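Worksheet: the structure to be examined is printed underneath.
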Amino acid sequence: GAVVSQHPSWVICKSGTSVKIECRSLDFQATTMFWYRQFPKQSLMLMATSNEGSKATYEQGVEKDKFLINHASLTLSTLTVTSAHPEDSSFYICSARALQGQGYNIQYFGAGTRLSVL
Amino acid sequence: AQSVAQPEDQVNVAEGNPLTVKCTYSVSGNPYLFWYVQYPNRGLQFLLKYITGDNLVKGSYGFEAEFNKSQTSFHLKKPSALVSDSALYFCAVRDKAGTALIFGKGTTLSVSS
């Protein structure tokens, strides 16, 4: 299957600082990437849909000024958590959509980034 | 709106026994259904999908799933469980090719030796 690389895998930062998470599709081009957030023992919650070359679409309740998404190329999307606070501590997972045959596609996932804000 | 229900928080089976992880869905159109597995502190790994065609789909690691339109279900199955199958399993759905997946809350599978 297609490979999605997410970096860093773990980051600890002080409250008030910003953190950037990178998501790369290694062996395919992804016009669309997705960012999810996962709380312990809970499901993945879609935060936003990132389309190459255009503004991201945020889900209801997600602060777009807090979670900045940039999808500057067909293989790279970044999520920047601005002015992070302890309540932003979570597991963030990116996903890239790979186009298959017959018109359907599969989402492949990065390994996730655990963010801990002190 | 789309939704996915995984009624069991945890499923316990003995190694060598068959396993079933349940999933029901709700979409407005034809469903695109997926199963993913997650190991601790890792991202999700794709197991299998149903888009169209045969109701029984086969995936990775010996897993299969049966699509039942009348019951709006897509249960994950495996004839003989392995201890290494112990993980968190997510069912996901979308109703259009271009939309993001919506996930169930996940089911923890524990296989004992």
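The values are calculated or read from the model by the stated rules, or taken from the named source; none is laboratory data. Quick caveat: nothing in here was measured; it's all calculated off a predicted structure. Counting neighbours? That spans all protein chains shown, and the Cβs are built from the backbone with ideal geometry, glycine included.
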Legend entry - Residue under evaluation residue B:63, criteria (1) surrounded by 20 or more Cβ atoms within 10 Å (Cβ to Cβ); (2) more than 15 Å from the chain's Cα centre (by Cα), criterion not met: (2)
Legend entry - So residue B:81, is it of a type outside the set (Ser, Thr, Tyr), outside any strand (DSSP E or B) and modelled with pLDDT under 95: no
Inset, instruction - Kindly indicate which of B:88, B:101 is without any contact (Cβ under 8 Å) to a residue 60 or more places away in the chain and within 14 Å of chain A (Cβ to nearest Cβ). - result: B:88
Legend entry - So residue B:57, is it aliphatic (A, V, I, L, M), at pLDDT 95 or above, buried (at least 16 other Cβ atoms within 10 Å of the Cβ) and farther than 14 Å from residue B:107 by Cα: yes
Inset, instruction - Have a look at B:33, B:109 and point out the one that is in contact (Cβ under 8 Å) with a residue 60 or more places away in the chain, of a type outside the set (D, E, K, R), assigned to a strand (DSSP E or B) and under 27 Å from residue A:31 (Cα atoms). - result: B:33
Inset, instruction - Kindly list the number of the only condition in (1) in contact with a Ser or Thr (Cβ under 7 Å, 6 or more places away or on another chain); (2) crowded, with 16+ Cβ neighbours inside 10 Å; (3) at pLDDT 90 or above; (4) among the polar types (S, T, N, Q) that fails for residue A:80. - result: (2)
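Let's see how each residue does on (1) within 11 Å of the chain's Cα centre (by Cα); (2) modelled with pLDDT of 95 or more; (3) under 23 Å from residue A:34 (Cα atoms):
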residue	(1), (2), (3)
B:21	yes, yes, no
B:31	no, no, yes
B:49	yes, no, yes
B:53	no, no, no
B:74	yes, yes, no
B:86	no, yes, no
B:93	yes, no, yes
B:98	no, no, yes
B:103	yes, no, yes
Inset, instruction - Output the residue which, of all residues in the range B:1-30 that are part of a loop (DSSP other than H, G, I, E, B) and facing another protein chain (nearest Cβ under 10 Å), is nearest to residue B:94 (Cα to Cα). - result: B:6
